[in-house]
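The values are calculated or read from the model by the stated rules, or taken from the named source; none is laboratory data. Bear in mind the structure is a predicted one, so any value in this text is a computation, not a measurement. Virtual Cβ from ideal backbone geometry, glycine too; neighbours counted across all protein chains shown. Ligands, DNA and RNA are excluded from the accessible area calculation, which covers all protein heavy atoms including side chains. Shrake-Rupley method; radii C 1.70, N 1.55, O 1.52, S 1.80 Å.
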Amino acid sequence: MIELKTPAEIQAMRPAGRFVAEVLTRLQAEAAVGVNLLDLDALAHEMIRQRGAESCYIDYHPSFGAMPFGKVLCTSVNDAVLHGLPHDYTLRNGDLLSLDFAASVEGWVSDSAVSLVVGTPREEDLRLIDTAERALDAALSVARPGGRIGDISAAIAAVARAQGLSINTDFGGHGVGRTMHGEPHIPNDGKAGRGFPLRPGLVIAIEPWFLHSTDRLFTDPDGWTLRSVDGSRGAHAEHTVAITDGDPIVLTARG
């Protein structure tokens, strides 16, 4: 069921959005060559504790997960692009890292992701990250009342295809509210003018993600981390967004 939020409820969601943005901003600053993924997860865990927030990940166990996630942060490195389970790995020069974080504050959830390169970047990785971010911007530009979910999907796909990228539609955006994942599903490809209407009060996570040279994934032996089948690297961008009578509100805006 798709639930529309009242203006008061959208206001009540703002603290969660600010907190998620603060955590990702801090993690971006801390991510560097020589930093262990488990240390980043521990930092996010401590920030959750200090804020009195709740993790959306640690007990998360959907049908596709091998077990409860057990961590509070997704850390996807290089050929991993989604659901990266933090493990004992020390970041190396040139690693492409995607950070995905969701938390609940006062009963409301926000969800966001960002990708970066630690150390000396490869130009193709920077282009991939830029494509994901521009696809998110394109989606936000059409996230207005009177449109439809397909408009968002089509806007994302147009940016990706202009860069020669293929698109996986199994994992994409989703509704956000009292829980992390809800209806509607927002694939990263679709036809403009199709799908659920974009109405004021709809709160969604929009999350374009792409791989350099494939759209096919496989699940790592850890039961969670999704990797490219050909070893190519991935990038991921995400914001939680509220549809209003005018411009959308990016609840997880950073900076």
Condition set of a type in the set (Gly, Ala, Ser) and touching a residue at least 24 places away in the same chain (Cβ under 8 Å), scope the stretch 66-95, selection farthest from Glu123 (Cα to Cα): answer is Ala66
Assuming Ile204 fulfils every condition listed in (1) open to solvent by less than 10 Å² (accessible area, probe 1.4 Å); (2) out of contact with any strand residue (DSSP E or B) (no Cβ under 9 Å at 6 or more places or on another chain) apart from one, which condition is it?
-> (2)
Meets criteria (more than 15 Å from Ser76 (Cα to Cα) and at pLDDT 95 or above) for Pro200 = yes
So which residues in the stretch 231-248 are out of contact with any strand residue (DSSP E or B) (no Cβ under 8 Å at 6 or more places or on another chain) and under 25 Å from Gly164 (Cβ atoms)?
-> Gly231
Residues that are surrounded by fewer than 22 Cβ atoms within 10 Å (Cβ to Cβ) and among the hydroxyl-bearing types (Ser, Thr, Tyr), drawn from the stretch 216-227 | Thr219
Every pair of residues 6+ apart whose Cβ atoms lie under 7 Å, when the first sits in the stretch 187-200 and is among the aromatic types (Phe, Trp, Tyr) while the second is at pLDDT below 95 | Phe196/Ile2
Is there a residue being farther than 30 Å from Ala12 by Cβ and surrounded by fewer than 19 Cβ atoms within 10 Å (Cβ to Cβ) anywhere in the stretch 139-154?
-> no
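Which of the residues that make up the stretch 229-255 are among the hydroxyl-bearing types (Ser, Thr, Tyr) and buried (at least 23 other Cβ atoms within 10 Å of the Cβ)?
Thr240, Thr252
Within the stretch 1-22, which residues are of a type in the set (D, E, K, R) and either modelled with pLDDT under 95 or in contact with a Leu (Cβ under 7 Å, 6 or more places away or on another chain) (or both)?
Selection gives Glu3, Arg14.
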